[in-house]
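Notes for the one structure printed next.
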Protein chains: 2
Amino acid sequence: MSGRIVIVGLGLIGGSLALALEGFEGYELVGVDVSQPTLRYASEHGVAHRLTDKAGTVIGEADVVMLALHPQGIVDFLAEHRAHFKPGALVADVCGVKSAILEAAKVLPDTVDFIGCHPMAGTEFSGIEHAFGALFRESHFILTPRPESTPEHIALLERMAAHIGCRDVYKTTPEAHDALIAYTSQVMHLIAVSVCDDPMLFDCKGFEGSSFRGCTRVAALDVGLWTQLFSLNAPALLEVLDRLLGSLTAYREALASGDMGVLAEKLAYSAARKRKMDLPGPDLLQ
Amino acid sequence: MSGRIVIVGLGLIGGSLALALEGFEGYELVGVDVSQPTLRYASEHGVAHRLTDKAGTVIGEADVVMLALHPQGIVDFLAEHRAHFKPGALVADVCGVKSAILEAAKVLPDTVDFIGCHPMAGTEFSGIEHAFGALFRESHFILTPRPESTPEHIALLERMAAHIGCRDVYKTTPEAHDALIAYTSQVMHLIAVSVCDDPMLFDCKGFEGSSFRGCTRVAALDVGLWTQLFSLNAPALLEVLDRLLGSLTAYREALASGDMGVLAEKLAYSAARKRKMDLPGPDLLQ
């Protein structure tokens, strides 16, 4: 054993993280959750080496604590347990907003190194029964260290990201992370739910292709989690959303004008940008 | 040989259709394209049994003619060749709008049975070099017959749809098709290009997850084709687009209000609709 990693919160992300970290540099993996059914499921499926519902009994002996709770849960956990972490420990979270979390981490003593993490993986499901070790494969892993974060802890997280199958690791500031994530993730979710609000939704079965399935997939979201993620990042998200409304309205005007030349020019501009971006889709063959 | 199917236009859809129809009830498959590089590629890759750049020489002997051209190309082809089809032949198209095509098909003599088709498959690529026989697997196949279409021809298209791997066949009117497709397909493409118009696009590499890749995949569209598809269906598309702008704006207001209860209520409503819709996403594991 080279040390102990405690994972707090065994939902989709925490459960998958525990499964994916199996075998990582000989660390003992300890899973924490307040839900007995979750702990029972974890026990039956070999999620982590040891399980407990009492965080206070294990985080004092943890070299690394990974917080896989909802954002407000992380904020509350840091405040409640700020004096319980082992001196020299690395504490990290894996939620989808970073400024609010880094702000909350200021309650920690100087003896604890806090680094924000965001493995960019997920599904539209939640709960440990949907967890699987391959969840993070080919995902990006974002780090938002603090100025005083140690190179050793940053390197440790980079090796963890590699072990769980992430494609690469990016380091950035919490503010830059939150602005980018508002665009690449949060507004995608607002689009998905808005599309599902259309009265035509239930009439369209049999008429949907892969673009509809791809766009709306994430609409079946975890309401509590996403209410927090959106609210904690509202200023950045509103900026992106207003830009999207502007872009859609510009297309609306081009279409309404009946001028096919104008429409073609706009489409050529956007399509060229997408080609330059050169991101493979997840489902080329569907 | 039980007859002859002529496929006019060997792009992504026509080329894939020719490959997928191989072996269908012993029909001879004849491919038509005006592009010599396309015909050369088709010849080298065994696309269709026979190839020609002269539609006029083969459609008079065709029992079935499948038009896989851009919408305006179909309209022009029907007008130019209206007197050249074999009496009793089935003529069908496979493009993404139906009202404009069915309107154009009125130039045909009564001896020809025209049925609109829309296999709901595609990729963000175009051209025969991207064609593949499995393109239609698990797709929906939509038929818009005319009142005078024969049951035999409808049944023939249903068997063709099954042969190329489609999941099911739906019959509807051109108007209903176009209204639904504006929602399930066309507005998805307008969302994708609008998202790619955001100035943050090129900064976000490394910060995108599967929702971003899924939503923007189709933005690298065929500009000429989609300019026609959008323009030929502009009234229905504008209605859907205005509803989407309304739904997005409602989310914007909920977010801007700072009232997490209101936001949570809206998200619960939309997520429940998505779950009730119960469409599997294309990429649950990414």
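The values are calculated or read from the model by the stated rules, or taken from the named source; none is laboratory data. Bear in mind the structure is a predicted one, so any value in this text is a computation, not a measurement. FYI the Cβ positions are ideal-geometry reconstructions off the backbone, even for glycines, and counts take in every protein chain you see. Please note that ligands, DNA and RNA were not included when accessible areas were found on the heavy atoms of the full protein model with its side chains. Shrake-Rupley method; radii C 1.70, N 1.55, O 1.52, S 1.80 Å.
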For this session: Identify, for chain B, the residue whose C-beta comes nearest the rotation axis onto chain A, and round that distance to whole Å.
Result: B:Gly214, 2
Exercise. Cα-based Rg (one decimal) and Dmax (whole number) for the stretch B:71-140, in Å?
Worked result: 13.8, 37
Exercise. Which entries in the list A:Lys54/B:Lys266; A:Lys266/B:Lys54; A:Lys54/A:Lys106; B:Lys86/B:Lys106 go over 27 Å, if you measure between the two C-alpha atoms of each?
Worked result: A:Lys54/B:Lys266; A:Lys266/B:Lys54
Seminar exercise, completed: Placing +1 on each Lys and Arg Cβ and -1 on each Asp and Glu Cβ in chain A, then taking the dipole about the Cα centre, the residue among A:Gly9, A:Gln228, A:Ser270 whose Cα reaches farthest towards the positive end is A:Ser270
For this session: Could you give the size of the charge dipole of the stretch B:1-136 about its Cα centre, using +1 on the Cβ of each K and R and -1 on the Cβ of each D and E, expressed in debye and rounded to the nearest 20?
Result: 140 debye
Exercise. Tilt of helix A:151-163 relative to the longest C-alpha principal axis of chain A, in degrees (0 to 90, nearest 10)?
Worked result: 60 degrees
For this session: Enter the Cα centre distance for the pair the stretch A:184-204 and the stretch B:1-73, rounded to the nearest angstrom.
Result: 38 Å
Seminar exercise, completed: For chain B, longest principal axis from Cα atoms; helix B:234-257 axis from its Cα atoms; angle between them, nearest 10 degrees, is 20 degrees
Exercise. Helix B:223-232 sits at what angle to the longest principal axis of chain B, using alpha carbons and giving 0 to 90 degrees rounded to 10?
Worked result: 80 degrees
For this session: Rank these by accessible area, largest first, 1.4 Å probe: B:Arg40, B:Arg146.
Result: B:Arg40, B:Arg146
Exercise. Hey, any idea what the orientation-averaged projected area of the convex hull of the stretch A:164-286's Cα atoms comes to, in nm²?
Worked result: 10.6 nm²
Problem set entry | Calculated on alpha-carbon atoms, Rg and Dmax of the protein assembly as shown in Å | 27.1, 88
For this session: Give me the net charge of A:Gln228's neighbourhood, meaning all other residues with Cβ under 12 Å from the Cβ of A:Gln228; Lys, Arg count +1, Asp, Glu -1.
Result: -2
Problem set entry | Local electrostatic count, B:Ile115, Cβ distance below 15 Å [Lys/Arg +1, Asp/Glu -1] | -3
For this session: Would you compute, for the Cα atoms of the stretch A:55-104, the largest minus smallest coordinate along each principal axis and list the three values in descending order, in whole Å?
Result: 27, 17, 16
For this session: Considering Cα pairs under 8 angstrom that are at least six residues apart, work out the relative contact order of chain B and quote it in whole percent.
Result: 15 percent
Problem set entry | Debye, to nearest 20: dipole size of the stretch B:170-256, +1 on Lys, Arg Cβ, -1 on Asp, Glu Cβ | 260 debye
For this session: With no solvent and one equal point scatterer placed on each C-alpha of the stretch A:1-125, evaluate the Debye formula and give log10 I(q)/I(0) for q = 0.15, 0.21 Å⁻¹, two decimals.
Result: -0.63, -1.27
For this session: Using all C-alpha to C-alpha distances in the stretch A:190-245, build P(r) with 5 Å bins and read off the rounded percent in each one.
Result: 4, 16, 22, 24, 17, 11, 6, 1
Exercise. Given 5 Å bins starting at zero, what is the percent of C-alpha pairs of the stretch B:219-271 in each, up to the one with the largest pair distance?
Worked result: 4, 17, 16, 16, 12, 11, 11, 9, 3, 0
Exercise. Taking all pairs of different Cα atoms in the stretch B:92-239, averaging 1/r and flipping that mean, what Kirkwood radius in angstroms comes out?
Worked result: 16.9 Å
Exercise. Which residues in the stretch A:222-264 place their backbone N less than 12 Å from a point set 7 Å from the Cα of B:Ala268 along the Cα-to-Cβ direction?
Worked result: A:223-224
For this session: Place the peptides A:268-278, B:117-127 in order of packing, highest mean first, counting for every residue the other Cβ atoms within 10 Å and averaging per peptide.
Result: B:117-127, A:268-278
Problem set entry | D (Stokes-Einstein, µm²/s), Kirkwood Cα radius, the stretch A:107-167, 0.890 mPa s at 25 °C | 188 µm²/s
For this session: Taking the Cβ of B:Gly15 as the centre, find all other residues whose Cβ is under 13 Å away and add up their charges (Lys, Arg: +1; Asp, Glu: -1).
Result: -3
Seminar exercise, completed: The distance between the Cα centres of the stretch A:211-271 and the stretch B:237-252, in whole Å, is 10 Å
Problem set entry | Estimated 222 nm signal from helices in chain A, with DSSP H stretches of n ≥ 4 weighted -39500 (n - 2.57), rounded to 500 | -13500 deg cm²/dmol
For this session: Could you sort the residues of the stretch B:246-263 by number and keep only those whose accessible area is reduced by 30 Å² or more in the all-protein-chain setting relative to the chain alone, 1.4 Å probe?
Result: B:Ser247, B:Leu248, B:Tyr251, B:Arg252, B:Leu255, B:Met260, B:Leu263
Exercise. Which values, in whole Å and largest first, are the semi-axes of the equivalent ellipsoid of chain A obtained as the square root of 5 times each eigenvalue of the Cα gyration tensor?
Worked result: 38, 21, 17
Seminar exercise, completed: Computed for the stretch B:233-274: size of charge dipole around the Cα centre, +1 on C-beta of each Lys and Arg, -1 on C-beta of each Asp and Glu, debye to nearest 20, value 160 debye
